[in-house]
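Written out below as structure tokens is the structure these notes cover.
The values are calculated or read from the model by the stated rules, or taken from the named source; none is laboratory data. In this text the structure is predicted, and so the values were computed from the model without any measurement. Cβ sites come from the backbone with ideal geometry, for glycine too, and all protein chains shown count toward neighbours. Ligands, DNA and RNA are excluded from the accessible area calculation, which covers all protein heavy atoms including side chains. Shrake-Rupley method; radii C 1.70, N 1.55, O 1.52, S 1.80 Å.
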Amino acid sequence: MGVHRPVQPIGPFYRGFEEPAFGATLQPAVLRRCRCRYSDRFDWHLPVLPAVSLPDHFLALIVDMAHIQVENLTLEYPIYGAGPGASTGRLLQIVTGGLLKKSAGNYLTVTALSGITLNIQDGDRIGIVGPNGAGKSTLLKVLAGIYTPTDGRVEVKGEIGTLFSLGAGTQQDLSGYENIKRIGLLKGLSGPEIAKLVPSVENFAELGDFLSLPVRTYSTGMQMRLSFAIETAMTPEILLIDEVFGAGDAGFQEKARKRLEDLMGQTRILVFATHSDDLLRKFCSRSLLLHHGKLVMFGETEDILKRNSEIHGLKSA
């Protein structure tokens, strides 16, 4: 039986689970939403019930839910040596669609993202749609914690895994095995957890004795195999993917595609940026449309693809 802990009504919300308890009592009311300090808001749709006690395993599941909440996100960055009269400034204005601000001194400020608000919950599969320069990769990097917003708030609960650029964190003078350990440590894994990854990487990368040699002796395809095998050996709670890439020969690419699809299906939240309409339809139930760093629309994937085609005069694939 869980610990009885009263729920305190606050306006239209109910606040409960304020202490690290493993149970809670619900007062006779329809509980529409619940906030707790371990994660953000969850939608509940419960009938009117007498006071009940939530079992330990049920409350633990609620507390453990992954989510991403973004409020009024804006990201700006300076471009030095590109004053208003410089040819570089003109080129930047064309590339960014004119989202430039004149700043004091000899630099311009590019607004990469502006006023974006999102609420992504456990179980969501979200696609990011937009032309080159729309802000897709930038948004993913903000969610991953690589970029810090200039303004607004980003709250992410859950272990994040990224598939942006293969090879990040790899040291050329270290062996394949040493790089497995290095990247595992960078991801916060313990020694025993890293040891469990090694057989998976060995079997998938198919590099054999080369894993004992320095990575600088590998071909480009071999390095991509190693990096892909390491990055996909772990199943994060939140998976952020920027486009789809090839790794190695045709046979290995098919093997990599299958592994990536399995990973995308197992993660609790998927955010996927791609230009492929077919992949968006396959993996993403909802999508968001970016245009010049602004959120144009967030809804069903088919509706987003149709709107994107209307804006850019494209024929949906």
Original post:
Would you pick out the residues in the range 165-200 that are under 26 Å from Tyr147 (Cβ atoms) and either in a loop (DSSP other than H, G, I, E, B) or polar (S, T, N, Q) (or both)?
Top reply: Ser165, Leu166, Gly167, Ala168, Gly169, Thr170, Gln171, Asn179, Lys187, Gly188, Leu189
Original post:
Out of Phe210, Phe204, Phe164, which single residue is modelled with pLDDT under 90 and aromatic (Phe, Trp, Tyr)?
Top reply: Phe164
Original post:
On the given criteria, is Val296 more than 14 Å from the chain's Cα centre (by Cα), modelled with pLDDT under 90, open to solvent by 60 Å² or more (accessible area, probe 1.4 Å) and within 19 Å of Leu143 (Cα to Cα)?
Top reply: no
**OP:** Sort out which residues of the range 126-164 are under 19 Å from Met297 (Cα atoms), in contact with a Phe, Trp or Tyr (Cβ under 9 Å, 6 or more places away or on another chain) and open to solvent by 40 Å² or more (accessible area, probe 1.4 Å), and write them in order of number.
**Re:** Ser137
Original post:
What tally of residues in the range 249-277 results from selecting those that are farther than 22 Å from Met234 by Cβ and either under 20 Å from the mean Cα position of the chain (by Cα) or open to solvent by less than 50 Å² (accessible area, probe 1.4 Å) (or both)?
Top reply: 3
Subject >> Given (1) part of a strand (DSSP E or B); (2) polar (S, T, N, Q); (3) open to solvent by 90 Å² or more (accessible area, probe 1.4 Å), index of the condition Asn203 fails >> reply: (1)
Original post:
Is there a residue being surrounded by 18 or more Cβ atoms within 10 Å (Cβ to Cβ), at pLDDT below 80 and not in a strand (DSSP E or B) anywhere in the range 93-103?
Top reply: yes
Original post:
Could you say whether any residue in the range 178-201 is of a type in the set (Gly, Ala, Ser) and in contact with a strand residue (DSSP E or B) (Cβ under 7 Å, 6 or more places away or on another chain)?
Top reply: no
**OP:** Provide a single number: the residues in the range 150-164 that are more than 19 Å from Ala66 (Cα to Cα) and assigned to a strand (DSSP E or B).
**Re:** 2
Subject >> Test for Gly133: is it in a loop (DSSP other than H, G, I, E, B), under 30 Å from Ser309 (Cβ atoms) and not basic (Lys, Arg) >> reply: yes
